[in-house]
Amino acid sequence: MSQPRNIGLAHGAGGLLTDRLVRDIFLRHLGNPLLDRLGDSALLPGALLGAAAAPPGLAFTTDGFVVSPRRFPGGDLGSLAVNGTVNDLAVAGALPRFLSLSVILEEGLALEELDELVCSLARAAREAGVQVVTGDTKVVGRGAGDGAFFVTAGIGPLRPGVPELLPTPQPGDGILVSGPVGDHGATILALRSAIDPGPGLRSDCAAVTPLVDALFAQGIYPAFLRDPTRGGLSSTLSELAGSSGMTLRLQEEALPVRREVEAVSDLLGVDCLHLACEGRVVAVVPAAQVQAALAAWHGLPAGAGAALIGWIDRQEGGAARVLLQTRMGGLRVVDRPAAQPLPRIC
Amino acid sequence: MTKSVQQLADGRTSQRDPRLVRGLAEALARRDPGRKLRFMHVCGTHEHEISRYGLRRLLPPWLEVIAGPGCPVCVCPVSELDLGAQLGLQGKAIVATFGDLERVPARLSLAEVRAQGADVRVVTSAAGAATLARSLPGRQVVFLAVGFETTACTTAAVALADPPPNLSFVLSHRLVPPALEALLSHPALALDGFLLPGHVCTVQGTEEYAPLALSKGLKMAVAGFEPADVLDGLLALVDRVIADRPGVDNCYTRSVRTSGNTAARAFVARVFTPLDAPWRGLGTIPRSGLAFTEEFAHLDATSRFGLTPDRSLDVPDRACRCDEILLGLRTPAGCPLFGRACTPEHPHGPCMVSLEGTCAAWYRHPPEPAELPAARHDDGGQR
């Protein structure tokens, strides 16, 4: 019974082990003030970039995509590789502009499939208003990869006019989500478990830039803005509780979750709040701006299902945590997933 | 593709209706047993649902529900997990396992041995392991057969359905009634009744429990897994306590028959024979495990691969207090190992293995009564 000596799948699940891996290996060797913030994107201030860039500066990010299956209702490896990176830039307050694309292909992959994936990637890039401006191709032998892995990096200017010092979450602030949660994770989990997703279940894979634009256009600068991908809503909100030292109170009744997502979660014994979204945004805004923010989102097709799901509360002794008032009137702690969701038997 | 998500979503019961649940909670609150009551459930899924819906918050202050040894994955002894790990590490077989067994800490967890190169695959049933074996006729596949009566019958069904010759089993099935009996023999037992596991009783029926209830003067109720099912069961238990009427109520009649699933029971009776078996943290419990009968002995992976479980791995730390914590005689804070030698990453007993176990829950969220003020429905933005 020892500490793991090899990489396990849990190291990639976004939980405690991922944290430890990042800190004990990557930050230990690579740490610097820009990386140490561990944001979804690095924010490169104009001053650091010299004359080449105008203030306020740039956001820069990268992400690897290894989804299996590569094609799923609502998206595929190609669209995911664009939207995942675009969304990291968008929630950092940047305007996504340029992407790099590095593909690692396994010997034997059908050219026709690659063509389709890249075609889809191109469509997603057009929709998100970004261009792929540099790239790389590598092929590995059969067995050394799982068909195709895509890695994208993205860069874009920070939005002009956004205050440099964003507010920190305050008691009474509202917690908003832009649409139903867990769609992407439930779709992938259903496919992997040989459950037919049917017409009602599809990935929410999309660029969230319009959702972010809509808030900023109203002069709403959220104290917290994130796309709840790996680890789902629970991971994102637990992180917020940890970093802000606040208690978060959620209302289950208000949480938008599709009945199909709930059904998959029930059958496989996973928590739908642990399932990834790929086209949603979580925002924390002052109480006075909650209605305006919701109205801004409801005006967009992607934000039609937006909802106020809870409030920031003062921390009352003990550790900051996320508490969910259940539909039944009970109360539970919402936790980060320990590792990737696996079907349970007990 | 077996069933569409649509069909699953349509098949939900009204036992999740918040109005129904609140009504049952109010009915419970109106009962007055005149003292504190403590019931134990013995099912991981009961704990999962109770936690997930925050049902403990709906119970009157005199009613406590504690988690017994109800998670088969948590009580699976290290020596048996280790058989799977060794088979995988030695490259002798593909190890097919239920997902939640994968992360259970042992000398090396199955996730860790996969990281070291073993071929460990997650399946959702014994039948899934048979399908895997048929698709890879050149490889040996070993299924780690854990679970209570509920999954034992599915292992038996595969054994009876002409299994592929390259499939074998590490048997870690456990039976619920012997464990209850063992716990009940504790001299300081402080329980008023048991919420019996609906899944296990769907297979096994309720016949075995009645004599146990009567001989020990216990109150028992079989409950399902939706929030209203759990409260139905608790209400029946409270009423039995108030009337001082030992016995078993079946509150899950949409699934459980008195004699259970007779076909499944016949499968189990034909394929397996009971044997004394170790439980993580609880020691060996007589006739609580299953071995293959002679007719099916060739399906046993230990004989096929010449393995013997290293039972020295199972010797519980003498300081481990899981049995007393399971019985509600002690809180985790009263265990000398808790939080020091025993943590979620290095658990000794079953209470720390499962995220839903009493010790793991205490470890992650130490209870601070002042910290969970009564939930308010409309507290947002008004302060």
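Tabulated results
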quantity: Given charges at Cβ of Lys, Arg, Asp, Glu: chain B dipole, positive-most of B:Ala27, B:Val104, B:Gln86; calculated: B:Ala27
quantity: Mean separation of Cα contacts under 8 Å (6+ apart) over length of chain A, as relative contact order %; calculated: 21 percent
quantity: Per-pair calculated FRET efficiency, R0 = 41 Å: B:Arg364 and A:Ala144 via Cβ, rounded to 0.05; calculated: 0.60
quantity: Derived scalar couplings ³J(HN,Hα) [the stretch B:248-257; Karplus, 6.51 cos²θ - 1.76 cosθ + 1.60; whole Hz; x for Gly, Pro]; calculated: 10, 9, 9, 9, 10, 5, 6, 10, 9, 10
quantity: Antiparallel DSSP beta bridges within the protein assembly as shown, percent to nearest 5; calculated: 55 percent
quantity: Karplus (6.51, -1.76, 1.60) ³J(HN,Hα), θ = phi - 60°, over the stretch B:160-174, in Hz, Gly and Pro reported as x; calculated: 8, 10, 6, x, x, x, 8, 10, 9, 10, 9, 8, 10, 5, 9
quantity: Shielding score for B:99-110, defined as the mean number of other chain Cβ atoms within 10 Å; calculated: 4
quantity: Size of electric dipole in the protein assembly as shown: Cβ of Lys, Arg +1 and of Asp, Glu -1, about Cα centre, debye, nearest 20; calculated: 780 debye
quantity: Over the stretch B:34-317, relative contact order from alpha-carbon pairs under 8 Å, at least 6 apart, %; calculated: 20 percent
quantity: Using a Förster distance of 45 Å, the FRET efficiency for B:Ser255-A:Ser100 (Cβ separation, nearest 0.05); calculated: 0.25
quantity: Mean Cβ count within 10 Å, highest first, over the residues of peptides A:294-307, A:100-113; calculated: A:294-307, A:100-113
quantity: Among beta bridges that DSSP assigns inside the stretch A:54-160, antiparallel share in %, nearest 5; calculated: 70 percent
quantity: Cross-link partners of B:Lys92 among aspartates and glutamates (Cα-Cα below 12 Å; sequence separation of 8 or more within a chain); calculated: B:Asp119
quantity: Straight-distance crosslink candidates among aspartates and glutamates, where the alpha carbon sits under 19 Å from B:Lys216 and sequence neighbours closer than 8 are dropped; calculated: B:Glu181, B:Asp192, B:Glu207, B:Glu208, B:Asp239, B:Asp244, B:Asp249, B:Asp323, B:Glu324
quantity: Peptide ranges B:295-305, B:24-34, B:135-145 listed from the most packed, as the mean C-beta count within 10 angstrom indicates; calculated: B:135-145, B:295-305, B:24-34
quantity: Amide H within-cut-off set for B:Gly247, under 5 Å, with H built and near neighbours excluded; calculated: B:Leu218, B:Lys219, B:Met220
quantity: Number of partner chain Cβ atoms within 10 Å, mean per residue of A:185-194; calculated: 2
quantity: Ellipticity estimate at 222 nm from DSSP helix runs (n ≥ 4, -39,500 (n - 2.57)) divided over the protein assembly as shown, nearest 500; calculated: -9500 deg cm²/dmol
quantity: Residue mean of other protein chain beta carbons inside 10 Å, B:54-60; calculated: 5
quantity: Amide proton proximity set for B:Ile66, modelled H, under 5 Å, gap of 5+; calculated: B:Phe39, B:Met40, B:His41
quantity: Residue-wise HN-Hα coupling along the stretch B:194-199, computed from phi with Karplus coefficients 6.51, -1.76, 1.60 (Hz; x: Gly, Pro); calculated: 10, 8, 7, x, x, 5
quantity: Relative contact order (percent, whole number), the stretch A:174-334, Cα cutoff 8 Å, 6+ residue spacing; calculated: 42 percent
quantity: Per-pair calculated FRET efficiency, R0 = 35 Å: B:His346 and B:Leu136 via Cβ, rounded to 0.05; calculated: 0.50
quantity: Long-range amide H partners of A:Ala206 with built H, under 5 Å; calculated: A:Gly279
quantity: Net +/- balance of residues flanking B:Ala115 in space, Cβ distance below 15 Å, scoring K and R +1, D and E -1; calculated: +3
quantity: With Cα atoms, 0 to 90° folded angle of helix B:126-135 axis to chain B main axis; calculated: 30 degrees
quantity: Cut-off 11 Å (backbone N to label point 7 Å along Cα→Cβ of A:Glu113), residues of the stretch A:129-161; calculated: A:146-149
quantity: Chain A, dipole about Cα centre (Lys/Arg Cβ +1, Asp/Glu Cβ -1), debye to the nearest 20; calculated: 520 debye
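Every read-out reported here was derived from the displayed coordinates using simple, explicitly stated rules and does not represent laboratory data. Computed from a predicted model, the values in this text were never measured in an experiment. Cβ: placed from backbone, ideal geometry, glycine included. Neighbour counts: every protein chain shown.
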